[in-house]
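**Q** Structure in structure tokens, see below.
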Amino acid sequence: MSDNDAKAIQRIALVIQYLGNNFYGWQRQPQHRSVQSEIETVLSSVQQRAITLYGAGRTDTGVHAAAQVAHFNATGPIPAHRWAAILNSRLPEDILVRASALVSQDWHARFSAIWRRYRYTIYTDACPNLFVQPFCWHYYQAPLDESLIQAALKPLLGKHHLAAFHRSNSGRSHSWVNVQAAECYRNGPFIHIEIQANGFLYGMVRLLVGMLVQVGIGKLTPEQFTDIWVNQQRDKVKHASPAKGLCLLRVGYPECPFLPEIWYDTQPKFILPQLTG
């Protein structure tokens, strides 16, 4: 590649939202629909050459994203900020690009990221609701105590070996995770669990939430929950939460190329009215 060719290349970062219900995850797969392949198809069509899109994280089948971050290398005269509109005019309705920006050639959506944050939403009202169903785990079989879940989350802070929450078939060679934040809070009939870490194991959050619900209903104490992962007792982790309640909330960078309102907290929280007599 000549110096002139190198100067013509622009690295473009994207903030992407998608509804995970109809995707087999982020990563490109030969026989299934994925977010990466949908966007790459559009990019390749516009650029008239094969384009590879690099994401900050590989969400699993059925998992949503409020602010996934990705990048690709573009050539030609299109300004960086125009790529969001160009993609949105061609992408399916379950993917949306909130913004695009020019970044340096050494910036990488995955390797430049210092943390990822996920939110899991549980709907606890006994009456089903069609409008929350695609984004929540409808769990009403027993009352959930969010204070017990919060107590179980607290010991997770810090760097730990979390093999108990690591599914098989992962290409990752170790199970060390640095958990930077972990909280559980209630908003009416909705319970939200948020986890922030430098990276996540395959299936980690869904396994984690499945076992935290066992704590919330009183089948496990917070101490028993901690003992399971401290002693890497993977055989005792028998509950995984549904994918539809999980959302990649945001990704953190030392110098983020986007304004906070673009990426910081873009998954709306459901609020149901409190009826009075």
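The values are calculated or read from the model by the stated rules, or taken from the named source; none is laboratory data. Everything quoted here is computed from the prediction, not taken from an experiment. Backbone-built Cβ (ideal geometry, glycine too); neighbour counts: all protein chains shown. In case anyone asks, the SASA skips ligands and DNA or RNA and just uses the protein heavy atoms, side chains included. Shrake-Rupley method; radii C 1.70, N 1.55, O 1.52, S 1.80 Å.
**Q** What part of the accessible area of the stretch 134-200, given as a whole %, is carbon or sulfur when the probe is 1.4 angstrom?
**A** 52 percent
**Q** List, in order, the whole-Hz ³J(HN,Hα) value for each residue of the stretch 112-126 obtained from phi through the Karplus relation with A = 6.51, B = -1.76, C = 1.60 and θ = phi - 60°; use x for Gly and Pro.
**A** 7, 6, 10, 7, 10, 10, 10, 10, 10, 10, 10, 9, 9, 5, 5
**Q** Here's another thing I want to ask about it. Once you have the Cα-Cα distance between residue 154 and residue 28, take 0.36 nm times their residue separation minus that, and quote the gain in nm to one decimal.
**A** On the way: separation 126, 0.36 × 126 = 45.36 nm, distance 3.54 nm.
Extending this stretch completely gives an extra 41.8 nm.
**Q** Classify the stretch 197-277 as rounded, prolate or oblate, taking a ≥ b ≥ c as the square roots of the eigenvalues of its Cα gyration tensor: rounded when a/c is under 1.5, otherwise prolate if a/b is larger than b/c and oblate if not. Walk me through the numbers on the way to the answer.
**A** Working: a/c = 2.69, a/b = 1.27, b/c = 2.13.
Because a/c hits 1.5 or more and a/b fails to exceed b/c, the stretch 197-277 counts as oblate.
**Q** Right, next: Let a ≥ b ≥ c be the square roots of the eigenvalues of the Cα gyration tensor of the stretch 77-173; is it rounded (a/c under 1.5), or, if not, prolate (a/b larger than b/c) or oblate?
**A** On the way: a/c = 2.75, a/b = 1.42, b/c = 1.93.
Note, shape of the stretch 77-173 comes out oblate.
**Q** Dipole of the stretch 140-277 (Lys/Arg Cβ +1, Asp/Glu Cβ -1, origin at the Cα centre): which of 191, 272, 230 lies farthest to the positive side?
**A** Ranked along the dipole, the leading option is 230.
**Q** Now for a separate question. Might you tell me the accessible area per residue for the stretch 217-267, computed with a 1.4 Å probe and given in Å²? The partial results should precede the final answer.
**A** Working: 2750 Å² over 51 residues.
Accessible surface, normalised per residue, equals 54 Å².
**Q** Applying the Karplus parametrisation 6.51 cos²θ - 1.76 cosθ + 1.60 with θ = phi - 60° to the phi angles of the stretch 96-110, what ³J(HN,Hα) value in whole Hz is obtained for each residue in order, glycine and proline being reported as x?
**A** 9, 9, 6, 6, 9, 8, 7, 10, 6, 5, 9, 7, 9, 4, 8
**Q** Same structure, new question: Need one value: the accessible area of residue 135 in square angstrom, 1.4 angstrom probe, rounded to the nearest 10.
**A** 60 Å²
**Q** Roughly how many debye, to the nearest 20, is the charge dipole of the chain about its Cα centre, given +1 on each Lys and Arg Cβ, -1 on each Asp and Glu Cβ, and no other charges? All intermediate terms of the calculation are to be shown ahead of the outcome.
**A** Details: 26 positive and 19 negative charges, 84 e Å.
Once rounded to the nearest 20, the dipole reads 400 debye.
**Q** Local charge sum around residue 22 (other residues, Cβ-Cβ under 14 Å, Lys/Arg +1, Asp/Glu -1)?
**A** Working: positive: 33, 244; negative: 38, 60, 93, 94.
Counting the neighbours of residue 22, the net charge comes to -2.
**Q** Then there's this: With all protein chains present and a 1.4 Å probe, how do 139, 18 order by accessible area, largest first?
**A** Result, largest first: 139, 18.
**Q** 5 Å is the cut-off here: which amide hydrogens, built 1.01 Å from N in the peptide plane, fall below it relative to residue 265, excluding neighbours closer than 5 in sequence?
**A** Correct list: empty.
**Q** Further question on the same structure: Please compute, over every Cα-Cα pair in the stretch 114-253, the percentage with a separation greater than 21 angstrom.
**A** Values: 3669 of 9730 pairs.
Here the long-distance tail beyond 21 Å is 38 percent of all Cα pairs in the stretch 114-253.
**Q** Right, next: Residue 219: which lysines have alpha carbons under 17 Å from its alpha carbon, excluding same-chain residues fewer than 8 sequence positions away?
**A** 236, 238
**Q** Order of 177-185, 244-252 by packing, highest average Cβ count within 10 Å first? Mind dumping the intermediate values first?
**A** Values: 177-185: 17.8, 244-252: 24.2.
Listed from highest to lowest mean packing, they are 244-252, 177-185.
**Q** May I pose another question? Pull up the cross-link candidates among the lysines for residue 244, meaning alpha carbon to alpha carbon under 20 Å and not fewer than 8 places away within one chain.
**A** 269
**Q** Write down the accessible area per residue of the stretch 8-100 in Å², having rolled a 1.4 Å probe over the full set of protein chains. The partial results should precede the final answer.
**A** Numbers: 4030 Å² over 93 residues.
Value for the stretch 8-100: 43 Å² per residue.
**Q** Placing unit charges on C-beta atoms (Lys and Arg positive, Asp and Glu negative, everything else neutral), compute the dipole magnitude of the stretch 132-277 about its Cα centre in debye, rounded to 20. Let's see the in-between values first.
**A** Working: 13 positive and 10 negative charges, 96 e Å.
Its charge dipole is roughly 460 debye.
**Q** Compute the signed sum of charges (Lys and Arg +1, Asp and Glu -1) over the other residues within less than 12 Å, Cβ to Cβ, of residue 164. Could the numbers behind the result be given before it?
**A** Values: positive: 167, 234, 236, 238; negative: 227, 235.
That works out to +2.
**Q** Here's something else I'd like to know. Which of 16, 260, 48 sits closest to the plus end of the dipole of the chain, meaning its Cα is farthest towards the positive end, when Lys and Arg get +1 and Asp and Glu get -1 on the C-beta?
**A** 48
**Q** In what sequence, highest mean first, do 77-86, 197-206 appear when ranked by Cβ atoms within 10 angstrom?
**A** Numbers: 77-86: 14.4, 197-206: 20.7.
Output ranking for 77-86, 197-206: 197-206, 77-86.
**Q** Given the -39500 (n - 2.57) contribution per DSSP H run of 4+ residues, what per-residue ellipticity at 222 nm results for the chain, rounded to the nearest 500 deg cm²/dmol?
**A** Values: 7 runs with 59 residues, N = 277.
Rounded to the nearest 500, it is -6000 deg cm²/dmol.
**Q** Same structure again: Please report, in debye to the nearest 20, how large the charge dipole of the stretch 8-100 is about its Cα centre when each Lys and Arg carries +1 at its beta carbon and each Asp and Glu carries -1 there.
**A** Around 260 debye, computed over the stretch 8-100.
**Q** Whose amide H sits under 5 Å from the amide H of residue 63, counting only residues 5 or more places off or on another chain, with H placed in the peptide plane?
**A** Distant-sequence amide H within range of residue 63: 25.
**Q** Still on this structure, please answer the following. Give me the net charge for the shell around residue 99: Cβ to Cβ below 12 angstrom, other residues only, Lys and Arg +1, Asp and Glu -1. Each step should come with its number before you reach the end.
**A** On the way: positive: 82, 98; negative: 261.
Within the 12 Å Cβ shell, the charges total +1.
**Q** Is the C-alpha gyration tensor of the chain telling us rounded, prolate or oblate? Criteria: a/c under 1.5 is rounded; beyond that, a/b larger than b/c is prolate, otherwise oblate.
**A** prolate
**Q** Over the heavy atoms of residue 236, what accessible area does a 1.4 Å probe trace out, to the nearest 10 Å²?
**A** 100 Å²
**Q** So which aspartates and glutamates pass the test for residue 154, namely a Cα distance under 17 Å, with those fewer than 8 places away in the same chain ruled out?
**A** 145, 146, 183, 194, 223, 227
**Q** Can I ask one more? Assuming 0.36 nm per residue, please report the length gained on full extension of the stretch residue 88 to residue 50 beyond their Cα-Cα distance. Don't jump to the answer; show the numbers that get you there.
**A** Values: separation 38, 0.36 × 38 = 13.68 nm, distance 1.90 nm.
So the chain would gain 11.8 nm between residue 88 and residue 50.
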